[in-house]
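Notes follow the structure.
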Amino acid sequence: MRLPERQLAVLEAASATDERTVAEIAAETDLKPETVAGAAFDLADEGLVEVGSETDETLALTDEGRRYVDAGLPETRLYRAGLDAGADAEPVSMGAVIGEAGLDGPEVDIALANFARKGFGSVDGGELSVDLDVDPDADPEATALDALADADGEGLDADALDVDEAVIDQLDSRGLVAVGESVTRTVRLTDDGVDALMTGVEATERVGALTPELLASGEWRDADFAEYNVEADAETARGGRKHVLRRTADRVKDVLVGMGFQEMEGPHADADFWINDCLFMPQDHPARTHWDRFALDVDRMDGIPDELMARVEAAHRDGWGLDGDGYHSPWSADFAREVALRGHTTSLSMRYLSGVEGAELEPPQRYFSVEKVYRNDTLDPTHLLEFFQIEGWVMAEDLSVRDLMGTFEEFYRQFGITDIRFKPHYNPYTEPSFELFGEHPETGEEIEIGNSGVFREEVTGPLGVDCDVMAWGLALERLAMLTTGAEDIRDLHGTLADIDFLRNAEVSY
């Protein structure tokens with residue numbers, strides 16, 4: 001008979017009269033325990049050995065249990081502090097005893113609950129009394145913890161711990177010990193195994209794959225090939241994959257380019273002039289304070305055309321057109337040049353519509369961007385401090401709200417979203433304006449997915465645009481929530497994101 005070397009070593013180390021453990025055979029053969037176990041199961045399939053198993057309950061200290069081994073159980077510390085305070089003679093104040101016992105937080109409740117349970121004394125009306133007849137050193141729970149600590153952190157066989165099962169259950173319920181199981185496998189020679197050893201067994205090297213070298217040398221003829229188990233679970237191979245947000249952004253770009261749009265790009269840190277002033281946002285608007293914006297401690301931005309700056313200032317001070325009125329509020333060119341992280345990508349729209357970026361401005365024109373923006377918001381299921389905005393605008397003659405609604409309906413239809421609802425809204429920079437809402441496919445909740453409108457004359461006039469411009473800002477993450485079913489925006493990226501969700505989430509096409 002021919003057997004692989006590791007199987008032969010296990011066969012020779014096994015006994016026909018005694019069951020030997022895998023650990024004993026591993027120590028004798030210098031093989032790893034898992035190698036011995038695998039070889040034993042292979043020999044068992046050949047009928048040469050019998051493999052048995054024994055399951056034992058094991059105990060190990062938890063972190064909290066290990067802490068109490070060093071500091072003492074909370075109820076024991078309370079007892080000793082009460083004894084030192086004279087609570088054996090007359091009741092003493094609980095507040096003073098708790099401080100002396102070094103108890104704080106949840107340890108106070110733990111100490112009080114177990115103090116009475118163990119008969120250490122009593123608590124009545126905020127005063128504590130201790131029982132002198134009690135010996136806390138004989139507490140079986142503390143004794144069991146000490147025994148486990150002596151095991152140097154290794155799991156201890158429950159049978160080797162001379163403690164009542166009720167004590168173990170109590171320690172388990174308190175979260176001071178972890179109860180587990182250990183399986184000990186044993187190996188014993190069968191009669192066929194004994195016969196094989198008596199007639200002689202030749203060691204061979206088991207080959208896992210047929211290689212060119214084996215074929216060329218001819219050694220394959222004498223090789224012992226391992227059996228191929230077609231029922232074995234194969235290891236899952238995972239390749240690289242684009243993040244679901246990046247794939248959603250790519251899909252958005254494909255859709256908008258297909259609808260005739262060109263892409264914009266520009267700085268993340270920009271002058272307040274482009275972020276807010278061009279949008280007819282008054283400089284004393286609450287959203288422009290340090291509470292809502294991320295201002296940067298850098299030099300003010302130069303390069304803004306003086307004539308454009310003057311026209312925007314005039315719109316703020318006096319309005320634009322025959323019926324314009326303006327805000328009559330403070331306006332500072334220095335503040336307009338201050339740099340902040342953009343709170344929306346409409347700053348790109350202002351740069352392109354003004355002609356500063358060299359865009360073609362002969363109507364009709366369509367532009368978009370899918371870029372990151374920054375807002376000082378409170379984190380919740382639908383808000384982040386950093387997120388991606390789908391910016392877009394269309395310049396043409398005689399645009400109406402119907403054109404804007406139709407654009408949205410066509411855009412979202414590409415993602416399988418057909419039930420879009422519109423709600424009238426106020427923006428300082430668009431009139432009319434409305435918000436967009438979509439129904440979450442999993443929760444049924446209606447969530448805001450964007451804001452839009454037709455730019456006011458106070459916005460387009462100073463930029464030199466003399467026709468209608470409809471524009472919008474849509475949330476990429478919220479679109480991804482609708483298409484993937486994610487219930488929390490933080491499921492898409494960040495520390496709460498589930499890796500299996502990211503591996504399997506699909507973007508609608």
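Restricting Ala37, Ala71 to residues that are closer than 30 Å to Gly102 by Cα and either of a type outside the set (S, T, N, Q) or in contact (Cβ under 8 Å) with a residue 12 or more places away in the chain (or both) narrows the list to Ala71. Of all residues in segment 135-146, those satisfying the criterion of being among the aliphatic types (A, V, I, L, M) and surrounded by 15 or more Cβ atoms within 10 Å (Cβ to Cβ) are Ala142, Ala144, Leu145. Taking each residue of segment 301-327 that is assigned to a helix (DSSP H, G or I) and looking for partners that are of a type in the set (Ser, Thr, Tyr) and modelled with pLDDT of 90 or more with beta-carbon atoms closer than 9 Å, six or more apart or interchain, yields Leu308/Ser354.
For segment 438-482, a residue qualifies if it is modelled with pLDDT of 85 or more and among the polar types (S, T, N, Q), and the qualifying residues are Asn451, Ser452, Thr460. One residue stands out among those in segment 137-174 that are in a helix (DSSP H, G or I) and among the acidic types (Asp, Glu): the one that is modelled with the lowest pLDDT, which is Asp159. Looking only at segment 386-414, residues that are exposed (fewer than 13 other Cβ atoms within 10 Å of the Cβ) and in contact with an Asp or Glu (Cβ under 7 Å, 6 or more places away or on another chain) come to 2 in all. For segment 269-292, what are the residues that are among the polar types (S, T, N, Q) and either assigned to a strand (DSSP E or B) or surrounded by 15 or more Cβ atoms within 10 Å (Cβ to Cβ) (or both)? If the condition is that a residue be among the polar types (S, T, N, Q) and either assigned to a strand (DSSP E or B) or surrounded by 15 or more Cβ atoms within 10 Å (Cβ to Cβ) (or both), then Asn276, Gln283 are the ones that fit. Restricting Asp233, Asp250, Asp195 to residues that are under 29 Å from the mean Cα position of the chain (by Cα), in a helix (DSSP H, G or I) and exposed (fewer than 14 other Cβ atoms within 10 Å of the Cβ) narrows the list to Asp250. Pairing residues of segment 333-358 that are over 15 Å from Leu308 (Cα atoms) and of a type in the set (Asp, Glu) with residues that are surrounded by fewer than 18 Cβ atoms within 10 Å (Cβ to Cβ) and at pLDDT 90 or above, at Cβ distances under 7 Å and at least 6 apart in sequence or on separate chains, gives Glu338/Arg300.
The condition of being farther than 23 Å from Leu348 by Cβ and among the aliphatic types (A, V, I, L, M) holds for only one of Leu245, Leu210, that being Leu210.
Scanning segment 481-509 for residues that are within 14 Å of Lys242 (Cα to Cα) and crowded, with 20+ Cβ neighbours inside 10 Å turns up Leu492, Ala505. Hey, does segment 392-403 have a residue that's under 23 Å from Val252 (Cα atoms), of a type in the set (Asp, Glu), over 36 Å from the mean Cα position of the chain (by Cα) and in the same structural domain as Glu360 (by TED's automatic domain parsing)? Yes - at least one qualifying residue is present in segment 392-403.
Residues are listed down the side, and each one gets a yes or a no for (1) within 27 Å of the chain's Cα centre (by Cα); (2) more than 17 Å from His344 (Cα to Cα):
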| site | (1), (2) |
| --- | --- |
| Gln414 | no, yes |
| Glu442 | yes, yes |
| Gly450 | yes, no |
| Thr460 | no, yes |
| Glu487 | yes, yes |
| Ile499 | yes, yes |
| Asn504 | yes, yes |
| Val507 | yes, yes |
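Screening segment 1-96 for helices (runs of 4 or more DSSP H) wholly inside it with 2 or more residues that are in the same structural domain as Ala113 (by TED's automatic domain parsing) returns the ranges 63-71, 74-84.
Scanning segment 415-428 for residues that are at pLDDT below 90 and either surrounded by 14 or more Cβ atoms within 10 Å (Cβ to Cβ) or of a type outside the set (Val, Ile, Thr) (or both) returns Phe415, Gly416, Ile417, Asp419, Ile420, Asn427, Pro428.
Of the candidates Gly324, Gly266, Gly343, the single residue that is surrounded by 13 or more Cβ atoms within 10 Å (Cβ to Cβ), of a type outside the set (D, E, K, R) and over 42 Å from the mean Cα position of the chain (by Cα) is Gly324. Here the helices (runs of 4 or more DSSP H) wholly within segment 418-509 that include at least 2 residues being out of contact with any Phe, Trp or Tyr (no Cβ under 7 Å at 6 or more places or on another chain), farther than 30 Å from Leu361 by Cβ and without any contact (Cβ under 8 Å) to a residue 12 or more places away in the chain are 499-504.
Kindly provide the set of residues from segment 374-409 that are in a strand (DSSP E or B) and either of a type in the set (Phe, Trp, Tyr) or closer than 24 Å to Glu458 by Cα (or both), ordered by number. Result: Tyr374, Phe387, Phe388, Gln389, Ile390, Glu391, Gly392, Trp393, Val394, Met395, Ala396.
Within segment 332-388, the residues that satisfy the criterion of being closer than 18 Å to Gly473 by Cβ and charged (D, E, K, R) are Arg342, Arg351, Arg366, Glu371, Lys372, Arg375, Asp377, Glu386.
Residues that are part of a helix (DSSP H, G or I) and acidic (Asp, Glu) were ranked within segment 103-124; the one that is surrounded by the most Cβ atoms within 10 Å (Cβ to Cβ) is Glu107.
The values are calculated or read from the model by the stated rules, or taken from the named source; none is laboratory data. Predicted, not measured: the structure shown is a model, and the values here were computed from it. As a convention, Cβ positions derive from the backbone with ideal geometry for all residues, glycine included, and neighbour counts pool all protein chains shown.
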